[in-house]
Amino acid sequence: MSNKVLISADCVCDIPVDMAEEMNVSLMYYYIITEEGKFRDMTEIRTEQILEYMEVDRKKAHSAAAKMEDYREYFAGLRKKTENPIIHLCMSQKLSRGYGRAVEAAKSFSNIYVVDSRHISGGMGHLVFRAAEMANAGACAEVILQMLERDRRKVQTTVVLDSTDCVFRAGNLEKGHHVLCEALNLHPMVRLRAGRVTLFGLCFGNPYHYAKRYLKRIFKNPEEIDTDFVLLMYTSCSERLIRYVEKEMRRMLDFKRILVVPTYATVSCDIGSGCFGVIYIKK
C-alpha cells in the first residue's frame, strides 16, 4: 500500500484550483467578511467581485481565517480519503490566526503535520509547489518537513502595491507610510520578513515605469537568486502589464520557469488591485 504524503494548504497560497488538483494538493478555504455577510473564498466569492465591492462600491470587507471547527471538519474529510501522512501549510501566524486554529484542530487526528509557512500568497505557494513535487516523487513526511523548515527562510516574497489603502486597513502597514504614499501617489515595495510585512522601497510613475524599477531593485544581486523556478503573482492587473513584467524578468535573468498566478479573493481583499510581486528562492 502506498504511503504517499498528502500536501494540503490554506487557499491564501494562491495556487489555481486546477493546478492544485493536478498536483494532488488539497486547499482549505478562508472567509471574506462583508457588510452583506460571510463568504467562502474559492467557491462563494471571486477576486473581481470583492475588488469591485471595495473599490467601486466603497464598502468595507476583510479576510478571516477559518474557525477551528472548520479546520477539524476539513481534516476529517482528508482523513477519510487517506490514512497516509498529511502536511498542511498555513500562512504566517503573524498575519493570521489560521495556524493556531489548524494546530488545535489537528490534535484530533494522527499523522497530520501543520506548518507555519511564514509567508502568504506566492511565497507560501512556492513552498507548496516544492512540497507537492517531493510528495509526488515519493518523499516521506520527515524529509518534506525538513525542506519546509529550511526553505521557508530562503523564500523571498516581494510585492509592489498600487495603493496602500487595503494593506493599511488590514493592519499590515504603518499609518505614517500610508499617509505619505497616498498623499504623494507613491507605490511601496514591500516584502515579508520574519512573517511580517515590511517596506523596502518606494516607486512613482506609471506601472510600466515602476515595474522596471522594482525588478532592478529585487534582482540587484542576481548571483543570489535561484533561477530554476520563480512565481509572478498579481491582483487584477492588465494582461499587457503582466506580460511586460514577465518579459523584463526574462531579460534580466535566465529563469528556467516562471509561473504566473492571480491571487484569490482573500489576498486581493488585503492588498487591493493593481499589485504584482515576484517570489523566488534565495541561494
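Tabulated data
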quantity: Computed over the chain: relative contact order in percent, which uses C-alpha pairs under 8 Å that are six or more apart; calculated: 23 percent
quantity: Selected from Cys203, Leu232, Val115, residue furthest toward positive end of dipole (the chain; charges at beta carbon); calculated: Cys203
quantity: Long-range tail of P(r) for region 1-143 (Cα pairs > 17 Å, %); calculated: 60 percent
quantity: Relative contact order %, region 132-283, counting alpha carbon pairs below 8 Å whose residues are six or more apart; calculated: 31 percent
quantity: Residue-count net charge about Ser117 - beta-carbon cut-off 9 Å; Lys, Arg +1, Asp, Glu -1; calculated: 0
quantity: Set of aspartates and glutamates with alpha-carbon distance to Lys283 below 12 Å, sequence-local pairs under 8 removed; calculated: Asp151, Glu223, Glu224, Asp226, Asp228
quantity: Region 159-226 shape via C-alpha gyration tensor axes, a/c threshold 1.5; calculated: oblate
quantity: Among Gly272, Ile218, Val159 the positive-end extreme of the charge dipole of region 155-282 (Cβ point charges); calculated: Ile218
quantity: Electrostatic dipole magnitude of region 155-282 [Cβ: Lys, Arg +1; Asp, Glu -1; Cα centre; debye, to 20]; calculated: 260 debye
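Read-outs throughout are calculated quantities, based only on the coordinates presented, and are distinct from any laboratory measurement. These figures come from a predicted structure and were not determined experimentally. Here the Cβ is made from the backbone with ideal geometry for all residues, glycine too, and neighbour counts use every protein chain on show.
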